1. Among the numbered conditions (1) without any contact (Cβ under 8 Å) to a residue 24 or more places away in the chain; (2) surrounded by fewer than 14 Cβ atoms within 10 Å (Cβ to Cβ), tell me where R175 comes up short.
2. Would you mind stating whether R54 is buried (at least 17 other Cβ atoms within 10 Å of the Cβ), modelled with pLDDT of 95 or more and among the charged types (D, E, K, R)?
3. Could you tell me how many of the residues in the stretch 1-17 are more than 18 Å from E68 (Cα to Cα) and in contact with a helix residue (DSSP H, G or I) (Cβ under 8 Å, 6 or more places away or on another chain)?
4. How about the stretch 95-114: which of its residues are surrounded by 23 or more Cβ atoms within 10 Å (Cβ to Cβ) and more than 16 Å from R54 (Cα to Cα)?
5. Hey, any hits in the stretch 200-209 for a residue that's under 25 Å from A139 (Cβ atoms), surrounded by fewer than 21 Cβ atoms within 10 Å (Cβ to Cβ) and at pLDDT 95 or above?
6. Out of all the residues in the stretch 159-201, which are in a strand (DSSP E or B) and of a type in the set (V, I, T)?
7. For the subset of the stretch 33-43 comprising residues that are over 15 Å from E18 (Cβ atoms) and not in a loop (DSSP other than H, G, I, E, B), which member is modelled with the lowest pLDDT?
8. When you go through (1) surrounded by 13 or more Cβ atoms within 10 Å (Cβ to Cβ); (2) out of contact with any Leu (no Cβ under 6 Å at 6 or more places or on another chain); (3) in a helix (DSSP H, G or I) one by one for W64, which number turns out not to apply?
Amino acid sequence: MPGRDLTLLAEAAQEAGEIALRFWRRDPQVWDKGGDHGPVTEADLAVNDMLKMRLLGARPDYGWLSEETPDSTDRLGASRVFILDPIDGTRAFVAGEDNFAVSLAIAEAGRVIAGAVMMPAKNRLYTAETGGPALCNGAEIHAGLRTDLTGSSLLATKANMEPSHWPGGVPDLRRSFRTSLAYRLCLTAEGRYDGMITFRDTWEWDIAAGSLICRCAGAQVTDRTGNDLRFNSPDAKTAGVIATNPALHRAIMARL
């Protein structure tokens, strides 16, 4: 049986998905957050409001880190913290595509201990907690076992394959893309792709839940330098993400 925190996240993620679908493909209001922060919609805000009430109502002593809530240093002193993106892949959501996610996680002492990623338009719920399996709609999932980097399938942006990133040589592989980082991690966790990479500094709320799901599925998940990911940091960012099975992870790091 899942622990109380994972049950809370899974139920909240499903409720959040239902709210998101009420706005999806119905011309929601959209605003540009400015800078490099991308768009936000009325659906993001409605989901965020519900999650804040639901999650902090159940765990008032937990910290809070959400893309759609002004950050506070109060979370740094909390023993456990919610880390979430109400809608990860907002551009896909606005375009009417189905590759957007609700990403919810709880971190303790810098490590994610429970995570849920809901794909509302696909009716898929990915979940994991420390010490347990990675699941999709209740069925156990596993990362792929491919050992040869050549010909492997990686989820990455085109920019990540520029030669400047690969002093050991750009690998000959099949590149694909999905807007949501959380979904990229879940696709890696269930072995539908051999791995995912992003070399840009990455917001914690995009990857917290997916990183745990990937690890519980047998993948190795690090930043772009090969270091373990740490969460609830002051700037709420990681130095990119590399997620794949240990053999391919070693092969990628050798090229970098």
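1. Failed condition: (2).
2. no
3. 2
4. F100, A101, A107, V112, A114
5. no
6. Selection gives I197, T198.
7. Filtering the stretch 33-43 for residues that are over 15 Å from E18 (Cβ atoms) and not in a loop (DSSP other than H, G, I, E, B), the one modelled with the lowest pLDDT comes out as P39.
8. With respect to (1) surrounded by 13 or more Cβ atoms within 10 Å (Cβ to Cβ); (2) out of contact with any Leu (no Cβ under 6 Å at 6 or more places or on another chain); (3) in a helix (DSSP H, G or I), W64 is out only on (3).
The values are calculated or read from the model by the stated rules, or taken from the named source; none is laboratory data. A quick note: this is a predicted structure, and the numbers were derived from the prediction, not measured. FYI the Cβ positions are ideal-geometry reconstructions off the backbone, even for glycines, and counts take in every protein chain you see.
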